[in-house]
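Each remark here refers to the structure printed beneath this line.
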């Protein structure tokens, strides 16, 4: 069905009986004397969309004003908000409305999210209403010189990292819970972060990053704070996909001379901010959360561990059949239609990982599968339709096949005459099978020439520009969902093209029939993206760029070896049957 996503009523705002009966009908939970279809018809007999909305509106208007305002925040309901705020202003100062009424509503939102009763998209919908309310009240607030407010945090994605969705979610939650947020954006050097902290008299510094390399940059930034003797002035909150609590609260805590804490998500960031500010201002009983403790006490004197001697090459087979590519060199494909790669969209990664749909921890309420049917897929269909209507997708691929051999830990790309064109040096595991990416290609001494595939895919810059506009317009839920979808569409395009490469190399027929098995990597070979496990050195992107020239599809490589637009991916495509993901370091 074609639906208007913004018109969908969240499950949390439906009557419990309505939800139960609807789910009974979907899952055919009939029983003797109980027909869910009949019951659903009875429940909605004589009920129209207008009458339902009118009923909800009447219930809301019947509440006392303060409770009504809080309910608008919790439900993400903007209709009638300004009239209620104007009524409240007759008797209550604007700042009191914010601090004592609206922030209490956001506090409930945080509790509902923490218990799993509210999904992330609806949290952001509440934040949108909060932002609208504060904007309406701001002209009525007196600016008091020297007033502290709740506190100030400088947020930044660290040098070399272009990923900002996590940081922006923290910005949304903190700013709509009364904090002043100075959001510096992406690729920020430590000097810019510290200058901003001094300029804005920040209480806390927050740093974010998605890449493994960003965890090293964060460590260097903390050491810079130490060197400048600024650690005591600035507690630091760190977050990002590559971080772990143990790394931050054990390893980094040991080197940083101030306080450093890990935030798993935006609401943990809010709780940490509350605690840090309370401690800083000497609030009685205030304390920081306990640090994660090491399971094994650290030795006073490091014990040298000898690395076991092992072979220079793993036991990966070197006699597998070599495929013949359909061409040597590169090709550019533009104008790829959404229908060609939409089926490769990993809904689990989108709904769970990007949009944050999950069942409540209490076990009550709708299951994940029910949320997917009621929230996920209808919103997804609406967004995909919008992307095509507004022509926001510019899917394109540059890919190619190159002759190669391996030598030790090196993959050597060859010219047509067999001379060396360029080489990649990959890390090798120190234990276990001692794998290295080079092992999946014929060794130089074999006398045979192997083939490696390279690809860069992008869904273009328009969709990234659209997400930035949504964030700037405080359309937080739409921002989260469109950004998450754009990332997963780039991944879908990469998966689709990898399947095309397997077919061109002659073993696409070995692919499983079920797309879920595809997502579980049950096909032959693998594609390895730069910056992860087996090939962590982003500098190698310069070599891929030299070979593929991705600027032909609008993809540029930054000085920090990041792909622009963000919704782009690169890959080294390996045909070897034993090639699977692994970590080398």
Within the stretch 520-533, is even one residue more than 20 Å from residue 385 (Cβ to Cβ) and assigned to a helix (DSSP H, G or I)? no
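Residue 465 - would you say it is assigned to a loop (DSSP other than H, G, I, E, B), more than 19 Å from residue 241 (Cα to Cα) and not assigned by TED's automatic domain parsing to the domain that holds residue 216?
Taking the combined requirement at face value, the residue does not satisfy it.
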On the basis of being modelled with pLDDT of 95 or more, closer than 24 Å to residue 330 by Cα and touching a strand residue (DSSP E or B) at 6+ places or on another chain (Cβ under 9 Å), does residue 545 make the cut? yes
Looking only at the stretch 114-127, count every residue that is surrounded by fewer than 21 Cβ atoms within 10 Å (Cβ to Cβ) and touching a helix residue (DSSP H, G or I) at 6+ places or on another chain (Cβ under 9 Å) and tell me the total. 2
Working carefully through the options 290, 268, find the one that is touching a strand residue (DSSP E or B) at 6+ places or on another chain (Cβ under 9 Å) and modelled with pLDDT under 95. 268
Answer from 388, 354 - the residue that is more than 20 Å from the chain's Cα centre (by Cα) and touching a residue at least 12 places away in the same chain (Cβ under 8 Å): 388
Report yes if residue 502 is within 18 Å of the chain's Cα centre (by Cα), farther than 17 Å from residue 210 by Cβ and either surrounded by fewer than 20 Cβ atoms within 10 Å (Cβ to Cβ) or assigned by TED's automatic domain parsing to the domain that holds residue 437 (or both), otherwise no. no
Residue count, the stretch 411-462 (criterion: touching a strand residue (DSSP E or B) at 6+ places or on another chain (Cβ under 9 Å) and part of a helix (DSSP H, G or I)): 7
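Pick out the one residue from 570, 517, 540 that is part of a helix (DSSP H, G or I), in the same structural domain as residue 434 (by TED's automatic domain parsing) and touching a strand residue (DSSP E or B) at 6+ places or on another chain (Cβ under 6 Å).
Result: 540 is the single residue among 570, 517, 540 that is part of a helix (DSSP H, G or I), in the same structural domain as residue 434 (by TED's automatic domain parsing) and touching a strand residue (DSSP E or B) at 6+ places or on another chain (Cβ under 6 Å).
Does residue 105 count as touching a helix residue (DSSP H, G or I) at 6+ places or on another chain (Cβ under 7 Å), at pLDDT 90 or above, closer than 28 Å to residue 281 by Cα and part of a helix (DSSP H, G or I)?
yes
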From the list 330, 324, which one is closer than 30 Å to residue 438 by Cα, in contact (Cβ under 8 Å) with a residue 40 or more places away in the chain, in contact with a strand residue (DSSP E or B) (Cβ under 9 Å, 6 or more places away or on another chain) and outside any loop (DSSP other than H, G, I, E, B)? 330
Please state which one of 183, 176, 221, 226 is more than 21 Å from residue 267 (Cα to Cα), in contact with a helix residue (DSSP H, G or I) (Cβ under 7 Å, 6 or more places away or on another chain) and in contact (Cβ under 8 Å) with a residue 24 or more places away in the chain. 221
Here are some residues: 165, 97. Which one is surrounded by 18 or more Cβ atoms within 10 Å (Cβ to Cβ), under 25 Å from residue 200 (Cα atoms) and either outside the structural domain of residue 568 (by TED's automatic domain parsing) or at pLDDT 85 or above (or both)? 165
Positions within the stretch 195-212 being buried (at least 18 other Cβ atoms within 10 Å of the Cβ) and within 25 Å of residue 468 (Cα to Cα), in sequence order: 196, 197, 205, 206, 207, 208, 209, 210, 211, 212
Which condition from (1) loosely packed, with under 15 Cβ neighbours inside 10 Å; (2) under 23 Å from residue 422 (Cα atoms); (3) not assigned by TED's automatic domain parsing to the domain that holds residue 458 is the one that residue 584 breaks? (1)
Only one of 254, 249 is more than 20 Å from residue 153 (Cβ to Cβ), at pLDDT 90 or above and not in a loop (DSSP other than H, G, I, E, B); which? 254
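Every residue, every condition in (1) farther than 25 Å from residue 557 by Cα; (2) in contact (Cβ under 8 Å) with a residue 12 or more places away in the chain, yes or no:
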site	(1), (2)
426	no, yes
443	yes, yes
455	no, yes
465	no, no
493	no, yes
501	no, yes
Look at residue 400 and say whether it is in the same structural domain as residue 552 (by TED's automatic domain parsing), closer than 19 Å to residue 525 by Cβ, surrounded by 14 or more Cβ atoms within 10 Å (Cβ to Cβ) and in contact (Cβ under 8 Å) with a residue 60 or more places away in the chain. yes
Of all residues being touching a residue at least 24 places away in the same chain (Cβ under 8 Å) and not in a loop (DSSP other than H, G, I, E, B) in the stretch 74-85, which is surrounded by the most Cβ atoms within 10 Å (Cβ to Cβ)? Just the residue, please. 85
Among (1) touching a residue at least 12 places away in the same chain (Cβ under 8 Å); (2) surrounded by fewer than 21 Cβ atoms within 10 Å (Cβ to Cβ), there is one condition residue 420 misses while meeting the rest; what is its number? (1)
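Hey, does the stretch 136-151 have a residue that's under 27 Å from residue 484 (Cβ atoms), modelled with pLDDT of 90 or more and either outside the structural domain of residue 106 (by TED's automatic domain parsing) or surrounded by fewer than 20 Cβ atoms within 10 Å (Cβ to Cβ) (or both)?
Scanning the stretch 136-151 turns up no residue that is under 27 Å from residue 484 (Cβ atoms), modelled with pLDDT of 90 or more and either outside the structural domain of residue 106 (by TED's automatic domain parsing) or surrounded by fewer than 20 Cβ atoms within 10 Å (Cβ to Cβ) (or both).
The values are calculated or read from the model by the stated rules, or taken from the named source; none is laboratory data. Quick caveat, the model's predicted, so the values are computed rather than measured. Cβ sites come from the backbone with ideal geometry, for glycine too, and all protein chains shown count toward neighbours.
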